[in-house]
Amino acid sequence: MASDKHYTLAGVMGWPVAHSRSPAIHGHWIRQYGLHGSYVLLPVQPEHLGDAVRGLRALGFAGCNLTIPHKVAAMSLVDRVDPLAARIGAINTLVVEKDGTLAGYNTDAYGYIQSLLDAQPDWRADAGPVTVLGAGGAARAILVALAERGAKDIRLCNRSPDKAQALAAEFGAPIRAIPWEQRAEALDGCALLVNTTSLGMKGQAPLEISLDRLPRQALVSDIIYVPLETPLLAAARARGHVAVDGLGMLLNQARPAFEHWFGVRPELTPELRRLIEATL
Ligand code: NAP
């Protein structure tokens, strides 16, 4: 039997967190790679976040994922924030280093880009203008990811114009705010359309947008994963676009986090995708 010292413990800290698919994803990899460890749910209320984060080391955790509502608040509780995460303004992965200090990372940007590359291996961020719908937490990681990959023109449309303007001002070029009412016109000549709003999610109204101006070779991506096929993706597929659902981002963001804690960069297999799809 392996010793406690070699038992790797990780989890996901959030509130609420019971719905999280992360234990199923990481648990699958722990079994697949024959590792000694586990990944657990960590339901932590916002007022206890400081105690919970500081307690990770004493409890023997290698680290944890952070989800709503802790991604921003946790930044001030770690010893080091990775530069990409600092730019995004949120951490979703916390690592307890060998010396006991805490480091914060954001793997959502990697997860998003990888989901596009999985769908279209020769995808390039500089293939043409990009329209991003939504300016919430998820949009921040995607905007930074696209800009870092070399996107030259990012048109950001959000229902509340002040939020899009604030993000465009914070991140600077190539991101510019476009009024929500002009979202259909923004698609002119675009190589990529991304929905980061919650419109189209189960229980929410569908996203209303005409795709008439979107060139046929453009990629259409929706980061929602419940349902997998949003009305936007169905409309895009009907026009012949390559459509990328949000499950790829969810699965891919878990890979570098798993590697931080367990020392193995796990593969994303069709079997894992089917396993998680069955839970949606
Ligand atoms: P958030 O911070 O609450 O942002 C929500 C965004 O949706 C805002 O831009 C908001 O616009 C917009 N919105 C909400 N209701 C709207 C409406 N009726 N009309 C127009 N715009 C509306 O949420 P988030 O964390 O960014 O998450 C957004 C979505 O991404 C969720 O569906 C979430 O499940 C999904 N997500 C997926 C992944 C993944 O791994 N695939 C990761 C993170 C998030 P206002 O600013 O005007 O309110």
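The values are calculated or read from the model by the stated rules, or taken from the named source; none is laboratory data. Note that the structure is predicted; figures quoted are calculated from it, not measured. Here Cβ is always computed from backbone atoms with ideal geometry, including for glycine, and neighbour counts include all displayed protein chains. Calculation scope for accessible area: heavy atoms of the full protein, side chains included, ligands and nucleic acids excluded. Shrake-Rupley method; radii C 1.70, N 1.55, O 1.52, S 1.80 Å.
Some points to look at:
- Matching residues in segment 252-279 - criterion: being in contact with a Lys or Arg (Cβ under 8 Å, 6 or more places away or on another chain), surrounded by 13 or more Cβ atoms within 10 Å (Cβ to Cβ) and under 15 Å from S20 (Cβ atoms): F258, I276
- Positions within segment 251-276 being in contact with a helix residue (DSSP H, G or I) (Cβ under 7 Å, 6 or more places away or on another chain) and within 23 Å of V220 (Cβ to Cβ), in sequence order: L251, N252, Q253, L268, R273, I276
- Every test in (1) under 19 Å from S22 (Cβ atoms); (2) within 12 Å of the ligand (Cβ to nearest atom); (3) in contact (Cβ under 8 Å) with a residue 40 or more places away in the chain is passed by N106 save one, and that test is (3).
- Consider segment 76-96 and keep the residues that are touching a strand residue (DSSP E or B) at 6+ places or on another chain (Cβ under 6 Å) and open to solvent by 40 Å² or more (accessible area, probe 1.4 Å). The one that is farthest from V144 (Cα to Cα) is D79.
- Residue match in segment 247-269 (condition: more than 9 Å from the ligand (Cβ to nearest atom), touching an Asp or Glu at 6+ places or on another chain (Cβ under 8 Å) and hydroxyl-bearing (S, T, Y)): no
- Test: I209 is touching a helix residue (DSSP H, G or I) at 6+ places or on another chain (Cβ under 8 Å), open to solvent by 20 Å² or more (accessible area, probe 1.4 Å), within 14 Å of the ligand (Cβ to nearest atom) and closer than 20 Å to A125 by Cβ: no
- For segment 123-131, the criterion of a residue being within 13 Å of the ligand (Cβ to nearest atom) and touching a residue at least 40 places away in the same chain (Cβ under 8 Å) is satisfied by no position.
- Number of residues in segment 212-244 that are within 15 Å of I113 (Cβ to Cβ) and within 14 Å of the ligand (Cβ to nearest atom): the value is 3.
Each row is one residue, and each column tells you yes or no for (1) open to solvent by less than 20 Å² (accessible area, probe 1.4 Å); (2) in contact with a Ser or Thr (Cβ under 7 Å, 6 or more places away or on another chain).
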site	(1), (2)
V130	yes, no
G134	yes, yes
E148	no, no
A151	yes, no
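- Condition met for D118 (at negative phi, away from the ligand (no atom under 16 Å from the Cβ) and open to solvent by 10 Å² or more (accessible area, probe 1.4 Å)): no
- When each of G11, G100, G63, G37 is tested for being touching a residue at least 12 places away in the same chain (Cβ under 8 Å) and either under 24 Å from E277 (Cβ atoms) or open to solvent by 50 Å² or more (accessible area, probe 1.4 Å) (or both), the lone residue that passes is G11.
- Segment 220-244, residues that are under 30 Å from H28 (Cα atoms) and crowded, with 22+ Cβ neighbours inside 10 Å: V220, S221, D222, I223, I224, T230, L233, V244
- Any hit, segment 265-273, residues being in a helix (DSSP H, G or I), in contact (Cβ under 8 Å) with a residue 40 or more places away in the chain and within 20 Å of the chain's Cα centre (by Cα): yes
- In the condition set (1) under 17 Å from A10 (Cβ atoms); (2) touching a helix residue (DSSP H, G or I) at 6+ places or on another chain (Cβ under 7 Å); (3) within 16 Å of the ligand (Cβ to nearest atom), A62 is compliant with all but (3).
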